[in-house]
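The values are calculated or read from the model by the stated rules, or taken from the named source; none is laboratory data. Here the structure is a predicted model, which is why all the values come from computation and not from measurement. Every residue, glycine among them, receives a Cβ derived from its backbone with ideal geometry; neighbour counts consider all protein chains shown.
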Amino acid sequence: MRADERQEKNTLIKPYNILSKKLKALAIAFLLTLVVSVNAAQASSGGSGGLSTVYHVYIADRYIGVTTDKDSIEDWISSQKQGLQDQFADSKISFSNEMLLIPEQVFNPNTKDKEIFSDIKESVSFQTDAKAVEINGKQVAYLVNDKAVEEMKRQLKLSAVSKEELMAFEMQSTKSLLELNVNETRIIDIEITGNTEMKDVQIEPAALNTASEAASLLLKGAIEEKTYQVQEGDVLGTIASDHALSETELLVLNPALKADTVLQIGQELKVTALQPLVSVKVKKEKRVNEVISFNKEVIEDDEVLEGESRVQQEGYNGEKTVTYEIQEANGTQTSQTITAEPFNRDQHLD
């Protein structure tokens with residue numbers, strides 16, 4: 001192996017040798033003893049012939065053992081790190097625990113390299129920086145960086161509006177909105193609500209979520225226990241089905257019930273339901289023409305024979321242009337209010 005290659009491999013583990021004070025002191029003391037013992041051996045033997053280098057392996061504060069196979073350890077660590085880096089391209093992979101190789105020169109080393117190597121593989125783990133999505137103090141998803149966070153927000157918005165609607169909303173300026181034409185609808189606000197925080201954390205790379213996965217988790221929500229009041233005609237099977245439960249699951253939630261229990265109207269049962277962790281609120285405005293129906297008035301007239309009728313004046317429907325403000329939450333309309341009725345007009349003039 002060339003000197004430059006050896007130098008590169010020797011520096012592989014150095015960035016991760018962040019030792020505790022206790023371990024640093026141990027390492028220094030060990031190396032001092034090592035220098036003395038090696039010099040004494042060389043003095044007594046008249047040279048360094050027969051000496052071999054072994055490495056004492058420490059992971060965190062735990063002593064793993066002694067090995068001569070430093071190259072295999074470094075090659076494995078390098079390949080593991082590179083494999084994770086390739087799999088999670090936007091992340092920065094690092095050790096999640098401390099590791100140190102302390103060299104020692106000895107005569108006739110007796111090591112168990114395979115056992116030490118196996119122990120290292122089980123003990124070493126990797127981590128990456130991430131953005132944790134925290135809801136009400138609980139971490140529910142992990143994203144690789146700020147760009148992924150923004151993409152998650154975009155995916156949340158797309159759960160409530162179309163790509164075309166979102167694009168139009170992002171391009172429009174709220175300060176220069178033109179008056180709506182009849183039968184036009186536009187989005188005037190999109191808001192993601194919920195007790196949400198983003199926190200910097202370090203996690204195992206496998207725990208990372210894609211932006212789409214994170215958005216889905218937030219919209220799907222968590223299971224919350226609720227109560228249901230028995231209505232006339234209810235049976236266990238229909239109550240369970242209505243709440244996405246099996247009959248067995250419903251019985252587990254209500255230990256006092258049995259399969260043949262006769263339900264009483266007004267009885268409260270425990271049920272569960274998925275509650276979204278965030279709400280995507282959309283505000284729209286829509287302008288439409290609506291028909292104004294004419295009023296019909298019946299007047300008694302002695303000149304008209306009984307059982308007959310006569311139209312004194314034809315009635316005609318009118319029309320009004322109305323602007324509505326529509327509120328939606330997670331794709332469901334929650335309100336619709338009239339914000340403007342600019343003018344009325346007749347559909348027919350005499």
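Among the residues of segment 251-265, is any outside any helix (DSSP H, G or I), of a type in the set (A, V, I, L, M), farther than 21 Å from residue 136 by Cα and free of Cβ contacts under 8 Å to residues at least 12 places away in the same chain? Yes: segment 251-265 contains one or more residues that are outside any helix (DSSP H, G or I), of a type in the set (A, V, I, L, M), farther than 21 Å from residue 136 by Cα and free of Cβ contacts under 8 Å to residues at least 12 places away in the same chain.
With respect to being more than 26 Å from residue 215 (Cα to Cα), modelled with pLDDT of 90 or more and in contact with a strand residue (DSSP E or B) (Cβ under 6 Å, 6 or more places away or on another chain), residue 149 falls outside the description. Selection over segment 101-124 of residues that are more than 13 Å from residue 68 (Cβ to Cβ) and touching a Lys or Arg at 6+ places or on another chain (Cβ under 9 Å) gives a count of 1.
Being free of Cβ contacts under 8 Å to residues at least 24 places away in the same chain, over 30 Å from residue 172 (Cα atoms) and either outside the structural domain of residue 169 (by TED's automatic domain parsing) or buried (at least 16 other Cβ atoms within 10 Å of the Cβ) (or both) holds for only one residue in 268, 247, and it is 247. With respect to (1) out of contact with any Ser or Thr (no Cβ under 7 Å at 6 or more places or on another chain); (2) assigned to a helix (DSSP H, G or I); (3) closer than 23 Å to residue 281 by Cβ, the lone exception for residue 177 is condition (2).
Within segment 225-243, can you find the residues that are in contact with a strand residue (DSSP E or B) (Cβ under 7 Å, 6 or more places away or on another chain) and either of a type in the set (Ser, Thr, Tyr) or farther than 16 Å from residue 268 by Cβ (or both)?
So in segment 225-243, the residues in contact with a strand residue (DSSP E or B) (Cβ under 7 Å, 6 or more places away or on another chain) come out as 225-230, 239, 243.
227, 228 - these are the residues of segment 225-243 that are in contact with a strand residue (DSSP E or B) (Cβ under 7 Å, 6 or more places away or on another chain) and either of a type in the set (Ser, Thr, Tyr) or farther than 16 Å from residue 268 by Cβ (or both).
Here is the figure for segment 183-220: residues that are surrounded by fewer than 16 Cβ atoms within 10 Å (Cβ to Cβ), under 11 Å from the mean Cα position of the chain (by Cα) and small (Gly, Ala, Ser) total 2. The lone criterion from (1) at pLDDT 90 or above; (2) over 28 Å from the mean Cα position of the chain (by Cα) left unmet by residue 292 is number (1). If you take the residues of segment 201-247 that are in a loop (DSSP other than H, G, I, E, B) and among the hydroxyl-bearing types (Ser, Thr, Tyr), which of them is nearest to residue 124 (Cα to Cα)? The extreme case among them is 210. For segment 129-149, the count of residues that are surrounded by 12 or more Cβ atoms within 10 Å (Cβ to Cβ) and in contact with a Gly (Cβ under 7 Å, 6 or more places away or on another chain) is at least one. Inspect all residues belonging to segment 188-200 and state whether any of them is assigned to a strand (DSSP E or B), basic (Lys, Arg) and within 30 Å of residue 82 (Cβ to Cβ). There is at least one residue in segment 188-200 that is assigned to a strand (DSSP E or B), basic (Lys, Arg) and within 30 Å of residue 82 (Cβ to Cβ).
Could you go through segment 255-263 and let me know if any residue there is under 30 Å from residue 329 (Cα atoms) and either of a type outside the set (Val, Ile, Thr) or assigned by TED's automatic domain parsing to the domain that holds residue 197 (or both). Show your work before the answer.
Going through segment 255-263, the residues under 30 Å from residue 329 (Cα atoms) turn out to be none.
Among the residues of segment 255-263, not one is under 30 Å from residue 329 (Cα atoms) and either of a type outside the set (Val, Ile, Thr) or assigned by TED's automatic domain parsing to the domain that holds residue 197 (or both), which makes the answer no.
Looking only at residues that are under 29 Å from the mean Cα position of the chain (by Cα) and of a type in the set (Val, Ile, Thr) in segment 271-289, which one is surrounded by the most Cβ atoms within 10 Å (Cβ to Cβ)? Of everything passing the filter in segment 271-289, 280 is surrounded by the most Cβ atoms within 10 Å (Cβ to Cβ). Restricting attention to segment 155-176, does a residue exist that is at pLDDT 90 or above and within 15 Å of residue 198 (Cβ to Cβ)? The answer is yes, given that some residue of segment 155-176 is at pLDDT 90 or above and within 15 Å of residue 198 (Cβ to Cβ). Summed over segment 84-104, the residues that are polar (S, T, N, Q) and assigned to a strand (DSSP E or B) give a count of 1.
For residue 86, indicate whether it is under 25 Å from residue 152 (Cα atoms) and of a type in the set (D, E, K, R). Quick ask: steps written out before the conclusion?
Working: under 25 Å from residue 152 (Cα atoms): yes; of a type in the set (D, E, K, R): yes.
Spelling it out, residue 86 is indeed under 25 Å from residue 152 (Cα atoms) and of a type in the set (D, E, K, R).
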